[in-house]
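Report on the structure given below.
Just so it is clear, none of the values below were taken in a lab; they were calculated from the coordinates. Keep in mind that what you see is a predicted model, and the values were worked out from it rather than measured. Here the Cβ is made from the backbone with ideal geometry for all residues, glycine too, and neighbour counts use every protein chain on show.
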Amino acid sequence: MTTTALTPLTHHCRNCDAHHPRHQVRQCIPAENTPEGEVEVLVCPICGSYDLEQLQEVGHAQ
Ligand SMILES: [Zn+2]
C-alpha cells in the first residue's frame, strides 16, 4: 500500500514521463525583476526538467 492517494498527481514530466504532486515540482527562485522578488517554476524532481505539464483533471490512481 502507498499513500499516493493523499497527494494527487497533478503534474506530468514530458521529459521522463513521470507524474508528480504539485508540492514536489513547485519551486520558488529569486527574481529581482519581478514585483514579488521571486518567481514560481515547475521542476521535475527526478530529471530536473522544466518541461512539466499541468494536468487538467486527475483520474483514478492506478
Ligand atoms: Zn522528469
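Using Cβ contacts closer than 10 Å as the measure, can you line up Leu52, Leu6, Leu42 from fewest to most?
Leu6, Leu42, Leu52
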Next item on the list: Would you mind calculating the relative contact order of the stretch 7-54 from Cα pairs under 8 angstrom and at least 6 residues apart, reporting the percent as a whole number?
Entry: 37
Item checked: Enclosed volume per residue, in Å³, of the convex hull spanned by Cα atoms of the stretch 7-54 -> 74
Checklist line | Thr34, Thr10 arranged by Cβ crowding within 10 Å, fewest neighbours leading | finding: Thr34, Thr10
